[in-house]
Amino acid sequence: MQGVTILTISTAAPGLRPASCSAGGGVVGECARASGAQLGVLYLALYLTALGTGGLKSSVSGFGSDQFDESDGGEKRQMMRFFNWFFFFISLGSLLAVTVLVYVQDNLGRRWGYGACACAIAAGLLVFLAGTRRYRFKKLAGSPLTQIAAVVVAAWRKRRLPLPADP
């Protein structure tokens, strides 16, 4: 959320973006280069957005599946329904991003497009936080780093084993 918010502010604040290119006689004139501070703000916003997206997308579906008990038939059906709706809304968001948001950015300005994204993320965060008391949290079975290390060690020890004839 911070990355998209910084991106929105950088498109709205004149000091955080380079000046517009001047047109001379129908030909685009010289364009001012972005200053180091302007580039720093842009890169900070993009890196924070990428970091947040990577952290969220990799864990949200797993967290969603943890909310259901697979041994219960009713909850197993609810989990299937959850994933159907989850991927439907992921696809719908992608569609809206490349159509509606591009239209808004081209016709109203980038600050409105990025601002809409920041507001949508804030609304999603509020909905997520509102349900916190109802979530199921599974206890970790040991350290995740220990489990990763065990897999690496097992792979290293088995590196010279012959491959099966039938993959």
* Selection from the range 66-99 of residues that are open to solvent by less than 100 Å² (accessible area, probe 1.4 Å), more than 19 Å from Ile121 (Cβ to Cβ) and either in contact (Cβ under 8 Å) with a residue 40 or more places away in the chain or among the hydrophobic types (A, V, I, L, M, F, W, C) (or both) -> Asp66, Gln67, Phe68, Met79, Phe82, Phe83
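Tell me which residues, restricted to the range 61-74, are farther than 19 Å from Arg133 by Cα and either assigned to a helix (DSSP H, G or I) or of a type in the set (Phe, Trp, Tyr) (or both).
We begin by selecting, within the range 61-74, every residue farther than 19 Å from Arg133 by Cα; these are 70-74.
Of everything in the range 61-74, those that are farther than 19 Å from Arg133 by Cα and either assigned to a helix (DSSP H, G or I) or of a type in the set (Phe, Trp, Tyr) (or both) turn out to be Gly73, Gly74.
Kindly indicate whether any position in the range 108-130 is hydroxyl-bearing (Ser, Thr, Tyr) and either over 29 Å from Thr11 (Cα atoms) or open to solvent by 70 Å² or more (accessible area, probe 1.4 Å) (or both). Before the answer, list the steps.
Taking the range 108-130 and keeping what is hydroxyl-bearing (Ser, Thr, Tyr), we get 114.
With the extra rule that they be either over 29 Å from Thr11 (Cα atoms) or open to solvent by 70 Å² or more (accessible area, probe 1.4 Å) (or both), the set shrinks to none.
No.
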* Of the criteria (1) on the phi < 0 side of the Ramachandran plot; (2) at pLDDT below 85; (3) open to solvent by 60 Å² or more (accessible area, probe 1.4 Å), which one Gly26 fails -> (1)
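The values are calculated or read from the model by the stated rules, or taken from the named source; none is laboratory data. As the structure is a prediction and not an experimental result, all values here were calculated from the model. Every residue, glycine as well, gets a Cβ built from its backbone with ideal geometry; the counts of neighbours run over all protein chains shown. Ligands, DNA and RNA are stripped out before the accessible areas are found, and what is left, the full protein with its side chains, is counted by its heavy atoms. Shrake-Rupley method; radii C 1.70, N 1.55, O 1.52, S 1.80 Å.
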